[in-house]
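The numbers here are math on the coordinates, done by the rules we state, and not lab data. As the structure is a prediction and not an experimental result, all values here were calculated from the model. Note that we place each Cβ from the backbone using ideal geometry, even for glycine, and neighbour counts take in every protein chain shown.
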Amino acid sequence: MDVNINNAIATGESYFDGGLFQLIGWTLLGWIITTITFGICYPWALCMVYSWKINHTVIEGRRLKFNGTALGLFGNWIKWLLLTIITLGIYGFWVGIALQKWKVKHTTFTN
């Protein structure tokens, strides 16, 4: 472990320890899977990339962990789609907020 990271943990600092090439790789993989499945696996790609981001984040010396699943998001995705259709697109304005709430609900501290 890097000395700076050890100092950050000891002092309760916040940091992100992911790398650019990792982010590009995970994002590209998610894009490929979404494209191949014609969007059906988009919730899985979202969970995969978001999990990588959260699992590499430390807040005040405590590492975050994402425990959401693609299956759980897929159920919400269908519900949000139906609500958007029923409300003639109006609910679509709230989908971003609903997704953010779902992400936060499934994010915890590991220690």
Subject >> Those residues of segment 69-84 which are out of contact with any helix residue (DSSP H, G or I) (no Cβ under 6 Å at 6 or more places or on another chain) and of a type in the set (A, V, I, L, M), in sequence order >> reply: 71, 78, 81, 82, 83
Original post:
Can we say residue 76 is under 21 Å from residue 23 (Cβ atoms) and under 16 Å from the mean Cα position of the chain (by Cα)?
Top reply: no
Original post:
residue 90 versus (1) free of Cβ contacts under 8 Å to residues at least 24 places away in the same chain; (2) surrounded by 14 or more Cβ atoms within 10 Å (Cβ to Cβ); (3) touching a Ser or Thr at 6+ places or on another chain (Cβ under 8 Å): which is the lone unmet condition?
Top reply: (2)
Original post:
So how many residues does segment 16-60 have that are outside any strand (DSSP E or B) and touching a Ser or Thr at 6+ places or on another chain (Cβ under 7 Å)?
Top reply: 7
Subject >> segment 72-89, residues that are of a type in the set (Val, Ile, Thr) and either part of a helix (DSSP H, G or I) or in contact with a Leu (Cβ under 9 Å, 6 or more places away or on another chain) (or both) >> reply: 78, 84, 85, 86
Original post:
Of (1) part of a helix (DSSP H, G or I); (2) under 10 Å from the mean Cα position of the chain (by Cα); (3) surrounded by 12 or more Cβ atoms within 10 Å (Cβ to Cβ), residue 68 satisfies all except one. Which?
Top reply: (1)
